[in-house]
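See below for the structure under consideration.
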Amino acid sequence: MSKYTWVEKDTCIACGACGATAPDIYDYDDEGLAEVIFDGDANQGVKAIPEDLFDDMQDACDGCPTDSIKVADEPFNKEG
């Protein structure tokens, strides 16, 4: 089963936990806010995360103090 992730930047406080936990999935934009970088996703939530990274992704989601990291079984399809 595929999993997708997206960061809600409006609530992100740039604490750095997700980038430390899952650096292959999350990094920071020019404003220091977290974003999904995996496979060029550019925080769109449309690139499937490989199964070998599920634990890191879930740990990052669970460790986010503002619940800004979203995980779903379907692409987020945030367009426009």
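The values are calculated or read from the model by the stated rules, or taken from the named source; none is laboratory data. Computed from a prediction, not measured in an experiment: that's the story for all the values here. Glycine gets a Cβ as well: all are built from the backbone with ideal geometry, and neighbour counts include every protein chain shown. Only protein heavy atoms, including side chains, enter the accessible area calculation; ligands, DNA and RNA are left aside. Shrake-Rupley method; radii C 1.70, N 1.55, O 1.52, S 1.80 Å.
Here are the numbers for the structure shown:
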item	result
Every residue from segment 62-75 that is assigned to a loop (DSSP other than H, G, I, E, B) and open to solvent by 60 Å² or more (accessible area, probe 1.4 Å)	65, 67, 73, 74
Number of the condition not met by residue 59 [criteria: (1) open to solvent by 30 Å² or more (accessible area, probe 1.4 Å); (2) part of a loop (DSSP other than H, G, I, E, B); (3) over 14 Å from residue 2 (Cβ atoms)]	(2)
Residues satisfying the stated conditions in segment 1-26, i.e. assigned to a helix (DSSP H, G or I) and loosely packed, with under 14 Cβ neighbours inside 10 Å	20
Residue 48 vs. criteria surrounded by 14 or more Cβ atoms within 10 Å (Cβ to Cβ) and more than 18 Å from residue 73 (Cα to Cα)	no
